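Trainee: Quick one: structure below, then a few questions.
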Amino acid sequence: MSIPGLPPPIKRLGQNFLIDPNIVRKIVALAELGPGDHVLEIGPGRGILAEALSQVAGHVTAIELDPRLHAYLKTRQAELPNVELVCADALAYPVEQLPAGTIVVANLPYYISTPLLFRLLDQRGRFPRMVLMLQSEVADRLVAKPGGSDYGVLSVMAQYAADITKSFRVSAQCFRPRPEVASAVVLLRAKEDGRLSQEAEVAFRALVKAAFAHRRKTLINSLRDEGYELSRITEALQRLEIIPTRRAETLSVEDFLRLASAFG
Ligand code: SAM
C-alpha cells in the first residue's frame, strides 16, 4: 500500500522502513548520544530514525541513495534542522572526511551490509561506536566464536577491529514492507588501532581470506591452494605449535594474528 506524498518502496534498494517507535527508541538509547555528538546515518529512508537522532545528537549526516527519498526528506528539512541530507551512495561517500568521534547509527540496506561494514571498520579510528540494524544471520556471523559454521572471514576481521554485541532481535512486523529475513541490532565498539601496521593489516586480511577460501580443507591445504608456499606454511605452523590438519574455522582471532606475524 502506498502512502500519499511518500514514494513507494524499491525492494532492490533494501527499502524496509521501520514503523515501530519502540525499536527506534531502543536503537537511539544504545548509541548513548549527547548534544556534542556527530552522527552518521546510512539510508535515512523516510526519516523515522533521522528524526529521533536529530533530537538527541548535535549534528547528523544522513546519506540516502534514492533521490526520491532524499527529495522527500528535503521537504521536511525544517523539522530536521541539524540533519545534513546528502544524496549519495554510502559505499562511495568519503566517510574519512567525517569528524573523528562520529557515531554511526543505521538501519542498513541489507543488500550491501557486508561491504558497508568493512568500509566502516576500515575507518574505525573515526567511528568509536556503531549501532547497526542488520540481517540476524550477519549479526550471528559478526559475533561467532571459532568452531561453528557462522565463524568466517567477517567474524575474524570484525572481531579484530571491534568488540561486538548482538543487542536485540527485531521482528519483521516492525517494518513496512516486511523483510523476508530476520533482523537484529548490533553494537560495535572500535578497538584501539595500532596492533598491526597498515601493511601488516593488509597481509592479515589476505591470510584470513586464504585460510577460509576452502572451508572443508585443512588450513595447510587451503593456504597452499591460495598460493602460499608450502614450506613457509609448515614452518610457521610448526613454530606456533598449530596442528597443520586443523581447519581455519578452529583458529581464534589471536591465532590468525600470530600466524600472520609468523609469515611477515
Ligand atoms: N532508516 C530508514 C528506516 O529505518 O526506516 C530506512 C532504512 S532502509 C532498511 C535502508 C535505506 O538505505 C533505504 O532508504 C535505501 O534507499 C537506502 N540505501 C540503499 N542503498 C544505499 C546506498 N548505497 N547508500 C545510501 N543509502 C542507501
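Trainee: In this structure, does VAL131 turn out to be out of contact with any Asp or Glu (no Cβ under 6 Å at 6 or more places or on another chain) and either surrounded by fewer than 20 Cβ atoms within 10 Å (Cβ to Cβ) or touching a residue at least 60 places away in the same chain (Cβ under 8 Å) (or both)?
Mentor: Taking the combined requirement at face value, the residue satisfies it.
Trainee: Go through the stretch 74-116 and count every residue that is within 15 Å of the ligand (Cβ to nearest atom) and of a type outside the set (A, V, I, L, M).
Mentor: Total meeting the criteria: 14.
Trainee: For the structure I just gave you, tell me whether PRO128 is closer than 23 Å to VAL28 by Cβ, in contact with a strand residue (DSSP E or B) (Cβ under 6 Å, 6 or more places away or on another chain) and in the same structural domain as GLU41 (by TED's automatic domain parsing). Please lay out each step first, then the result.
Mentor: On the way: closer than 23 Å to VAL28 by Cβ: yes; in contact with a strand residue (DSSP E or B) (Cβ under 6 Å, 6 or more places away or on another chain): yes; in the same structural domain as GLU41 (by TED's automatic domain parsing): yes.
Yes: the conditions hold for PRO128.
Trainee: Separate question: Quick one: which residue in GLU235, GLU201, GLU249 is closer than 23 Å to GLY148 by Cβ, among the acidic types (Asp, Glu) and not in a loop (DSSP other than H, G, I, E, B)?
Mentor: The unique qualifying residue is GLU249.
Trainee: Can you tell me which condition ARG224 does not meet? The list is (1) touching a Leu at 6+ places or on another chain (Cβ under 8 Å); (2) of a type in the set (D, E, K, R); (3) open to solvent by less than 90 Å² (accessible area, probe 1.4 Å), and all the others hold.
Mentor: Condition (3) is where ARG224 drops out.
Trainee: Sticking with this structure for a sec: What is the residue count in the stretch 162-212 for residues that are under 25 Å from ASP255 (Cα atoms), free of Cβ contacts under 8 Å to residues at least 12 places away in the same chain and surrounded by fewer than 13 Cβ atoms within 10 Å (Cβ to Cβ)?
Mentor: Number of matching residues: 6.
Trainee: Mind checking whether some residue in the stretch 45-61 is assigned by TED's automatic domain parsing to the domain that holds ARG169, within 11 Å of the ligand (Cβ to nearest atom) and free of Cβ contacts under 8 Å to residues at least 24 places away in the same chain?
Mentor: No, the stretch 45-61 has no match at all.
Trainee: Further question on the same structure: Could you pull out every one of the strands (runs of 3 or more DSSP E) wholly within the stretch 1-116 that has 1 or more residues that are open to solvent by 30 Å² or more (accessible area, probe 1.4 Å) and among the acidic types (Asp, Glu)?
Mentor: Numbers: elements: 38-42, 59-64, 83-87, 103-107.
Qualifying strands (runs of 3 or more DSSP E): 83-87.
The values are calculated or read from the model by the stated rules, or taken from the named source; none is laboratory data. Please read these numbers as outputs of a predicted model, since none were measured by experiment. Cβ coordinates were reconstructed from backbone atoms using ideal geometry, including for glycine residues, and neighbour counts include every protein chain displayed. In case anyone asks, the SASA skips ligands and DNA or RNA and just uses the protein heavy atoms, side chains included. Shrake-Rupley method; radii C 1.70, N 1.55, O 1.52, S 1.80 Å.
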